[in-house]
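Read the structure below first, then the notes.
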Amino acid sequence: MKNANNTHDLYDVFQWNENVIDHHSDEITPDASWDQDGIHRIFVTDGNSIDLLLHNHVLLDECSPSQERILLVGFTGDMALRDKQKGPFFFGLDIAEQLRLPVLAVADPTISKSEDLNIAWYTGNENAPKAIEVIGTWLNKLARHYNARLVLFGGSAGSFGALSVLPYMTESTGCLVWNPQTSLAQCDKTFVISYLKNAFPTRNSELSINDEISQQDLAARLVREGIYYDLQRNYQIPSAVKLLFLENKTDVHVASHASPFLNNLGFAIDSKNLTNQRVNNVFAHFDVLDEGLDAPNQKTVTTCLKWLIDNSDVPLDLTDPKQQSDIPIGLTALAQQSDTPIDLVVASEQQSIDTAQEEEKFEVTATLDGSNLLASVHVVPGVFIKPFFAFYLFIDGQRTSIKPYSPENSTLFEISGRPNKIEVTGYVLDNGKRDSKRINVDLPAQ
C-alpha cells in the first residue's frame with residue numbers, strides 16, 4: 001500500500017517484475033483484465049490499495065469442462081526478518097508451483113506503513129479500515145468470475161487473516177490454517193502496540209512498546225478503531241466453507257487461541273487432553289508437528305491442502321501413507337527487484353523453512369549459573385553469509401520464553417524455581433534458510 005505522504009516510502013510494487021493492473025474497490029463485476037497474471041491492485045482510497053498477485057492463471061484455462069477449478073489463496077503471516085525490504089509481500093507461490101495450481105497471493109495492506117511492522121493480520125489501517133471486508137468481497141467475485149473453488153491457507157497471523165475473511169464467503173471455499181492467532185488481544189503486546197501506533201496513528205501515536213498497558217486497554221483501543229480483533233466470540237463460519245484447523249499439540253497458545261476459538265464453534269476442546277474433532281464442516285486436527293517454530297513441515301502442509309482440494313469425506317490421517325504428500329515445497333516469500341532476487345524470508349511460528357541440518361555447521365551451547373542461563377550459537381567460520389540467531393527456552397517440556405531473531409549469537413534467560421528439565425533450541429537464519437538444534441541443559445545436583 002502506498003501513501004503519498006510517507007517520507008520514507010516502503011512500497012515498491014514494480015520490484016516483482018510483474019504486470020500491474022489497477023482496479024477500484026467499487027467495481028461490481030471483474031472484467032477481462034483479471035484474466036492475466038500480475039499484481040492486481042484494488043484501490044480503496046487515493047494512493048492506497050489492497051494488492052493481489054495472480055500467478056499461473058493459464059492453469060485455470062487448461063482445466064477440462066469436467067474438472068473442478070481450484071484457485072489457491074495465500075495469506076502472509078509473520079516476517080521473522082524483514083531487513084528493511086519494501087512491500088508488498090506475498091506468500092504461497094512456491095506451494096502453488098509445486099502443486100501445479102494457480103494462486104492468488106494476498107498482500108497485507110498495512111505492512112508497508114512502517115519498518116517496525118512485521119506481522120500481517122489484515123485488519124486494516126486508517127487508509128483502508130475495511131480491508132477484510134474488501135478482500136472477502138473480492139474473493140467471492142473472483143470465485144464466480146473464474147468459476148473456481150477457492151482454497152485459502154496461512155499460518156499464525158496469516159491464519160487470522162484467512163479466518164477473518166471466511167464469514168464473508170458465499171461461494172464454496174476450503175481453508176487450511178495452522179497454529180492460528182484468533183484474538184489480537186491475546187497476542188504479544190509489543191506487536192499490538194506497534195500495529196496500533198503505525199496503522200492508526202491519529203489516536204495512538206503516543207503509544208510506546210515499553211508502555212505498561214493491559215489487555216483490556218488494548219482491546220478497547222482496537223474496538224475504538226473499528227477493528228474486528230476477536231474471532232473467539234460471535235464468530236460463525238458459513239455452510240459453504242470447509243475449514244481444517246491444524247494445531248501443534250506443543251504450541252503454548254493452545255489455551256489462549258485454539259481452545260476459545262473452537263469452543264465458540266461448538267467444540268469441546270480440553271487443552272490438557274487434545275483430540276481430533278469435527279463439528280459440521282470444521283475439522284480440528286491436533287498433532288505434534290515439525291519441531292522448531294511449531295509450524296507444520298512441508299509434507300504436512302501439502303498433505304492437508306490436497307485433502308481439502310480433494311474434498312474428501314475420509315478423515316485426515318497424517319500417518320496414513322496413502323494421504324501423505326511426497327511433493328517437496330518451500331514456504332518462502334519470493335520477491336524480485338530488477339534481476340536481483342531479494343532474500344526476504346517469511347518465516348515464523350506458522351511459516352517454516354526446512355533445511356537439512358549438518359552437524360558441522362554450528363553448535364548450540366547453554367550454561368546455567370545460578371538463575372542465569374547463557375545460551376549461544378557458535379557457527380563454523382565461512383559457512384554462513386549474514387546469519388541471524390533466535391532461541392527458544394523449554395522448561396519441563398513446555399516452551400516458556402522466546403528470543404527473536406537478531407545478529408547477536410548469545411542471549412540470557414532467567415530461570416526461576418527448580419525445574420527438572422531445561423532445554424534450549426538455537427536457530428540460525430541465513431540467506432533464506434533456517435537450521436535449528438535442540439539441546440539439554442546440564443542441571444546442578446539437587
Modelled label-to-label distance, D31 and S371, 7 Å Cα→beta-carbon offset: nm?
-> 6.8
Roughly how many nanometres apart are two label points built 7 Å out from the Cα toward the Cβ at H378 and Q398?
-> 3.3
Selection from N234, G158, V379, by position along the positive dipole direction of the chain (Cβ) | N234
Picking from L274, N125, L412, whose Cα lies most toward the positive end of the charge dipole for the chain (charges on Cβ: Lys, Arg +1; Asp, Glu -1)?
-> L274
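Let me know the whole percent of all Cα-Cα pairs from the chain that are separated by more than 44 Å.
When all Cα pairs of the chain are counted, 9 percent exceed 44 Å.
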Among G92, M79, P102, which residue has its Cα positioned farthest towards the positive end of the charge dipole of region 33-139, with +1 placed on the Cβ of Lys and Arg, -1 on the Cβ of Asp and Glu, and the dipole taken about the Cα centre?
-> M79
A student asked for the Cα radius of gyration and Dmax of region 166-216 in angstrom ought to give 15.3, 44
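What percent does the relative contact order of the chain come to when contacts are Cα pairs within less than 8 Å and at least six residues apart?
Working: 976 pairs, mean separation 58.4, N = 446.
Relative contact order for the chain comes out at 13 percent.
Sort largest first and round to whole Å: the equivalent ellipsoid semi-axes of region 362-441, each the square root of five times a Cα gyration tensor eigenvalue.
Ellipsoid semi-axes (Å, largest first): 24, 11, 10.
Taking neighbour Cβ counts within 10 Å as the exposure measure, how do C175, C187 sort from fewest upward? Please report the intermediate quantities before stating the final value.
On the way: C175 26, C187 23.
Arranged by neighbour count, lowest to highest, C175, C187 become C187, C175.
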State the extension gain, in nm to one decimal, for the chain segment bounded by A268 and E68, taking 0.36 nm per residue of separation less the distance between their alpha-carbons.
-> 68.6 nm
Treating the beta-carbon of each Lys and Arg as +1 and of each Asp and Glu as -1, no other charges, what is the dipole magnitude of region 197-236 about its Cα centre, to the nearest 20 debye?
-> 180
Exposure proxy ranking, count of Cβ atoms within 10 Å, fewest first, for T275, T202, T110 | T202, T275, T110
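How large is the charge dipole for the chain, taken about the Cα centre, if only the Cβ atoms of Lys, Arg (+1) and Asp, Glu (-1) carry charge, to the nearest 20 debye?
Values: 35 positive and 59 negative charges, 172 e Å.
For the chain, the charge dipole is close to 820 debye.
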Residues whose placed amide H lies under 5 Å from that of D37, excluding near-sequence neighbours = H57
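Can you compute the charge dipole magnitude of region 397-446 about its Cα centre, using +1 on each Lys and Arg Cβ and -1 on each Asp and Glu Cβ, nothing else charged? Give it in debye, rounded to the nearest 20. Let's see the in-between values first.
Working: 8 positive and 6 negative charges, 42 e Å.
Here the size comes out at about 200 debye.
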Just how far, in whole angstrom, is region 227-265 from region 397-426 if you go by their alpha carbon centroids?
-> 28
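Going by how many other beta carbons lie within 10 Å of each one, how would you line up H257, H57, H378, fewest first?
On the way: H257 24, H57 17, H378 11.
Fewest to most other Cβ atoms nearby, the residues stand as H378, H57, H257.
Each value in this text was obtained by applying a stated rule to the coordinates, not by laboratory testing. Since this is a predicted model, take the numbers as computed values, not measurements. Here the Cβ is made from the backbone with ideal geometry for all residues, glycine too, and neighbour counts use every protein chain on show.
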